[in-house]
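Structure first, commentary second.
Just so it is clear, none of the values below were taken in a lab; they were calculated from the coordinates. All figures in this text were calculated on a predicted structure; none of them were measured in a lab. With ideal geometry, Cβ positions are generated from the backbone for all residues, glycine too; neighbour counts draw on all protein chains shown.
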Amino acid sequence: MTGLTIDDVSMRFDLPSGSFVQALKNVSLDLRAGELMSVLGPSGCGKTTLLNIVAGFLAPTGGEVVLNGHRVTGPDAERGMVFQQGALFEWMSVRENVEFGPRMKGTPVAERRATADRLLQITGLGDFKDKAIYELSGGMQQRVALARCLANDPDVILMDEPLGALDALTREKMQGLVLKLWKETGKTIILITHSVEEALLLGERLLVMAPRPGRIHREYRLPFAEMGVNQDLREVKKHPDFGKRREEILSMIWEMEEEIMGRTESA
Amino acid sequence: MTGLILLLLYVALFVGAMLLVGLATRGRKRRDFTALKTVTFGDESAVRPNRAASVISVVVIFLLWGAFTGSSLVPVHVPGPFTGDTSFTYTARNAGGAEDEATVFLRVFPLGEQPPEIEAEPGEGFARNDAAMIAAYRSELVRADRNDEGEDVEVVAVEGQPIAPGVTVAFADGEVTMTPRGSLNVSPARGLQMEEIWLPSPESVVAALVDIATNGFQNVPLWEHLFYSLMRVLVGFAIGAAVGIPLGYAMGLNDWFRGWFDPIVEFMRPVPPLALIPLVIIWFGIWETGKIVLLFLAALWIMAIAARAGVSGVNITKVHAAYSLGASKAQILRHVIIPNSLPEIFTGARVAMGVCWGTVVAAELVAAQKGVGMMIIAASKFQSTDVVLMGIILIGIIGFGIDILMRKAENWLVPWKGRS
């Protein structure tokens, strides 16, 4: 079977003091191939932990993650990552960064060069192939990170707040790029974000998580990602449903935040 | 005394130059961006070295050096030692209680010259005139009463001032002290200039350089001394780095290596390499092996710690990213950890090179046939201070040169340092 299954995953961190933190409790989720899912939640709800478990950087204390019929036990090229920042290799040029995955697999030079050139063209970095990473702006660096991930042709792309460090204008442009790449490549994408708008725009499915213990609070199926593929994202945001959903989710997260505050104050 | 004057003069030149340059450049504004900053005190980036100060600083050092050594390269000098003919009078009293005055004629000559002897007329009275030859900076015992007529003649005054054993009396160009046995110890004025053996003048240092560069030192050409020192540093450093860097990587990547070597590295790190010299000599002898082992030990711990720090400085997201792109452990080491640790390794290498260079000179001071350190210590035994000073300057220049080369190499190999 194709697709990603998160089956009853729990994660418990034991502290030296003897107490423990339940970062995730009984999280279950099915993702079909080609689905775009955004994950939202107040800080401490275990979004990043969940992503790290799917990526294979952490082994869950309960449950399992299954991709295309086999269990995830560690990081692998089938699950690509895009980080918020700092994951590019400064000692390599833009093109060398993008070629990294194929090069590790031993792909012939001509082939991986062609792949890199094609992806750099798509991500609008055609003129920056031979630049050093530190010569690029933050938005361009994230384009390189996207291209590098795609060059490896993974089944699932995991994005951990990929646009979090960018300014508002660059961010909007990059959101359009993510949608375009999703539609063109048909990859399964899980995207973690702090921005409710971004979660609405970049999620066919939107997962709202709740903290202590980290769990799935609510799930939405949304039309906005599909709408955004063909039109300007600002038009999508004007849609009456968009505003309604945004308010609904915002107040939901506010409530959760206030509940946490109340609990810490009483404790 | 001379030192205090030198210090005061230096401070005066510092302040004077600052005020003068400030006055000369007053009203002239900087035209760069810093000129627009209103807050400069506390903003380190707004502090630029004043180039005029740097130039004047170097010039002042040469001026003072020249002025206090009587160098012909420098127009002004502090008073030098007195040379030429001078005299002082003394009063003698004979057994009968009669007093008579006579003169001691002195000829003070620069050290190393052979001037004609000075003659003195006997003069009148029972006290006779005397004559003495004294080299500059030296003092001479004069038995003024030796040629006086009569028994039990003793000197009771110099230049009209009473004198007794232990008392010092000044005359025009020096001073006279009476010894416990009644002789007069005559010291002509020394002035403020340094004797060549304390501080040679710039031109004698240059002359020493030219001489040693053409004739060699102790039958070994200058370049060979330098080459031996450099070769020891490079070989010792290279072996230290070749062992230390992999060791540091292993310590950064593996529990067992970390646990095993942590106590050794942490113990050896604060031990100065100089403290190891006696042990290394006992174990490996005083020849090349011993020196290279010493430099190896000097570089080893620094490089191991630098490499370990380089591994721990790798951003974990880079490692995660590389794994997610399908890299194996060996590929992670080769393509992520090693390049990422290069900046740390370069910093360590610069420190290690500095320590090695200092250690080689010290090791050569102890025992060597060739090398700059050996040249300095051998020259000091022959009181050739000019060669010592030349050696020190060469050591400074080479150490500085090594550091500049390392920095250039760093800029070339690690262009991303500090920019990610």
Task: Overall form of the protein assembly as shown per C-alpha gyration tensor (a/c, 1.5; a/b vs b/c) - done: prolate
TODO: May I ask you to sort B:Thr91, A:Thr170 by Cβ crowding, counting other Cβ atoms within 10 Å and putting the fewest first?
DONE: A:Thr170, B:Thr91
Open item on the list: I'd like to know which of B:Ala144, B:Val235, B:Phe217 lies farthest towards the positive end of the charge dipole of the protein assembly as shown, counting +1 on Cβ of Lys and Arg and -1 on Cβ of Asp and Glu.
Closed with: B:Val235
Open item on the list: Charges at C-beta only: +1 for Lys and Arg, -1 for Asp and Glu. How large is the resulting dipole of chain A about its Cα centre, in Debye rounded to 20?
Closed with: 360
- [ ] Calculate the dipole size of chain B relative to its Cα centre from +1 charges on Lys and Arg beta carbons and -1 charges on Asp and Glu beta carbons; express the result in debye to the nearest 20.
- [x] 4300
Task: Partner lysines for A:Lys173 [C-alpha distance under 27 Å; skip if fewer than 8 residues away on the same chain] - done: A:Lys47, A:Lys129, A:Lys131, A:Lys183, A:Lys187, A:Lys237, A:Lys238, A:Lys244, B:Lys318
TODO: Along each of the three principal axes of the Cα atoms of chain A, give the extent in whole Å, ordering the values from largest to smallest.
DONE: 61, 44, 38
TODO: Set Lys and Arg Cβ to +1 and Asp and Glu Cβ to -1, take the dipole of the range B:2-67 about its Cα centre, and tell me which of B:Leu23, B:Leu13, B:Thr2 lies farthest positive.
DONE: B:Leu23
Task: Taking the convex hull of Cα positions in the range B:96-172, its mean projected area over all directions (nm²) - done: 5.9
TODO: Along Cα→Cβ, 7 Å out, is where each label goes; now give me the distance between the ones at A:Asp14 and B:Ser45 in nm to one decimal.
DONE: 4.9
TODO: Going by C-beta contacts inside 10 Å, put A:Glu96, A:Glu259, A:Glu35 in order with the fewest on the left.
DONE: A:Glu259, A:Glu96, A:Glu35
Task: Inter-chain shielding of A:85-97 (mean C-beta neighbours from other protein chains, 10 Å cut-off) - done: 5
TODO: Take the Cα gyration tensor of chain B, multiply each eigenvalue by 5, square-root it, and list the three semi-axes largest first, rounded to whole angstrom.
DONE: 65, 29, 18
TODO: Sum -39500 (n - 2.57) across every DSSP H segment of at least 4 residues in chain B, then divide by the residue count to get the 222 nm mean residue ellipticity, nearest 500.
DONE: -17500 deg cm²/dmol
Open item on the list: What FRET efficiency comes out for B:Leu73 versus B:Gln114 if R0 is 30 angstrom and r is the Cβ-Cβ distance? Round to the nearest 0.05.
Closed with: 0.65
Open item on the list: Can you give me the convex hull volume of the Cα atoms of the range B:301-371, divided per residue and expressed in Å³?
Closed with: 91
Task: Modelled FRET efficiency - R0 60 Å, B:Val220 with B:Thr89, Cβ distances, 0.05 increments - done: 0.60
- [ ] Grab the DSSP H runs of chain A that are 4 residues or longer, score each as -39,500 (n - 2.57), total them, divide by all residues and round the 222 nm result to the nearest 500 deg cm²/dmol.
- [x] -13500 deg cm²/dmol
Task: Assigned charges on the beta-carbon of Lys, Arg, Asp, Glu; the protein assembly as shown dipole about Cα centre (debye) - done: 4200
